[in-house]
């Protein structure tokens, strides 16, 4: 995504434009969350990315159980969104949701999301 290589001062607005043009692009929502102006904006973007990811998984035949492996590249946006949603939930004091997200990641991908992903 070209927006990620833009000057830092322009990056967030360029990522927002990508999301606007491609609202089902999960990794763009994650990137927008990564560049959020505050914890609540980050949380909201990760939540949208998570729900878009669930929609995508279901459209591709996933029925709510079974693995969603990191090694399958199309799963990475969803797993990153879920991981970051949980992390941000903890930051804003939603400890129950943070724990649900942590457990869900491990149910889907027992190895978890790789460090730095």
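The values are calculated or read from the model by the stated rules, or taken from the named source; none is laboratory data. Computed from a predicted model, the values in this text were never measured in an experiment. Using ideal geometry, Cβ is built from the backbone for each residue, glycine included, and neighbour counts are taken over all protein chains shown.
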## Note on the structure
Residue set 86, 116, 93, 77; condition in a loop (DSSP other than H, G, I, E, B) and either closer than 20 Å to residue 38 by Cβ or in contact with a helix residue (DSSP H, G or I) (Cβ under 8 Å, 6 or more places away or on another chain) (or both); output residue 93
### Query
Regarding residue 92, is this residue in contact (Cβ under 8 Å) with a residue 40 or more places away in the chain, out of contact with any strand residue (DSSP E or B) (no Cβ under 8 Å at 6 or more places or on another chain) and surrounded by fewer than 19 Cβ atoms within 10 Å (Cβ to Cβ)?
yes
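Across the range 7-24, what is the number of residues that are assigned to a loop (DSSP other than H, G, I, E, B) and buried (at least 18 other Cβ atoms within 10 Å of the Cβ)? Working first, answer last.
Taking the range 7-24 first, the residues assigned to a loop (DSSP other than H, G, I, E, B) are 7, 22-24.
From what is left, the residues that are buried (at least 18 other Cβ atoms within 10 Å of the Cβ) are none.
Residues flagged as assigned to a loop (DSSP other than H, G, I, E, B) and buried (at least 18 other Cβ atoms within 10 Å of the Cβ) within the range 7-24 amount to 0.
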### Message
If I go through the range 102-112 residue by residue, how many of them are buried (at least 17 other Cβ atoms within 10 Å of the Cβ) and either in contact (Cβ under 8 Å) with a residue 24 or more places away in the chain or touching a strand residue (DSSP E or B) at 6+ places or on another chain (Cβ under 9 Å) (or both)?
### Response
3
### Query
Just wondering, is there one or more residues in the range 37-45 that are farther than 12 Å from residue 85 by Cα and part of a loop (DSSP other than H, G, I, E, B)?
yes
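Say whether the condition of being part of a helix (DSSP H, G or I), touching a helix residue (DSSP H, G or I) at 6+ places or on another chain (Cβ under 7 Å), at pLDDT 95 or above and buried (at least 17 other Cβ atoms within 10 Å of the Cβ) is met by at least one residue in the range 65-73. If you could, list the steps in order and put the result at the bottom.
Just the residues of the range 65-73 that are part of a helix (DSSP H, G or I), to begin with: 73.
Then drop every residue that is not touching a helix residue (DSSP H, G or I) at 6+ places or on another chain (Cβ under 7 Å), which leaves none.
Within the range 65-73, not a single residue is part of a helix (DSSP H, G or I), touching a helix residue (DSSP H, G or I) at 6+ places or on another chain (Cβ under 7 Å), at pLDDT 95 or above and buried (at least 17 other Cβ atoms within 10 Å of the Cβ).
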